[in-house]
Amino acid sequence: MIHRVDAEINRIIQELMKDQTTDGSWNYPFETGIVTDCYTIILLRTLEIDDEGLIMSLVERISGKQEADGSWKLFYDEQAGNLTLTVEAYYALLYSGYRNLRNLRADGKGKRQGYLLRRAAGFQRPISSQKQCWRSPDNTNGPSFLPCRSK
């Protein structure tokens, strides 16, 4: 059994060495939308690695992949935006420090995106624009930040 494992490891090493370019990299197709970009921002900020050029380029790429409805898609042929990816993108953009709630809304997409997130989570619109309270439709599930009137 050990010989078969060692043989397979050596086969994979040879394959990787054959595919490696002269600069030490590999040119494999690796496209998962913006997942890697989002988590790279989160990782760099968490580890306090201030590679601002890289972070800003990732922010621009993530922003550029946003759909007209404010969502992000994991695959180009998804019918609707991917909620998980939309949350990850929104979080990464905010955590980057280059986007905030105000400029996410100012681009015209952020407001729709916030609606998409609240709708998907089952929250209704605020009852009063002054209170900005959010409550789940059944008033038992989810956060309520300020007292809200019942419908």
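Using the Cβ atoms and a cut-off under 14 Å, what net charge is assigned to the surroundings of Met56, where Lys and Arg are +1 and Asp and Glu are -1? Its environment carries a net charge of -2. Could you bin all the Cα-Cα distances of region 1-56 into 10 Å bins starting at 0 and give me the percent of pairs in each, rounded to whole numbers? P(r) over region 1-56, rounded to whole percents: 19, 25, 30, 22, 5. Taking Lys and Arg as +1 and Asp and Glu as -1, the other residues whose beta-carbon sits under 10 Å from that of Leu44 total -3.
Test of understanding: what is the full-extension gain from Leu83 to Ala68, defined as 0.36 nm times their sequence separation minus their Cα-Cα distance? Please report the intermediate quantities before stating the final value.
Working: separation 15, 0.36 × 15 = 5.40 nm, distance 1.45 nm.
That works out to 3.9 nm of additional length.
For region 52-101, the Cβ-based charge dipole about the Cα centre amounts to some 120 debye (Lys, Arg positive; Asp, Glu negative; other atoms uncharged). The length gained on full extension between Tyr76 and Asp6, counted as 0.36 nm times the residue separation minus their Cα-Cα distance, comes to 21.2 nm. When the square roots of the Cα gyration tensor eigenvalues are ordered a ≥ b ≥ c, the ratio a/c for region 31-95 is 1.5 or more and a/b exceeds b/c, which makes its shape prolate.
The slack between Tyr39 and Thr21, meaning 0.36 nm per residue of separation minus the straight C-alpha distance, is 3.9 nm. The loop-placed GluC sites (Glu not before Pro) in region 1-110, going by DSSP, that have at most 12 neighbouring Cβ atoms within 10 Å of their Cβ come out as Glu31, Glu48.
Bear in mind that the values in this text are calculations on the coordinates, not laboratory data. Keep in mind that this is a model prediction, so the values were computed, not measured. Cβ coordinates were reconstructed from backbone atoms using ideal geometry, including for glycine residues, and neighbour counts include every protein chain displayed.
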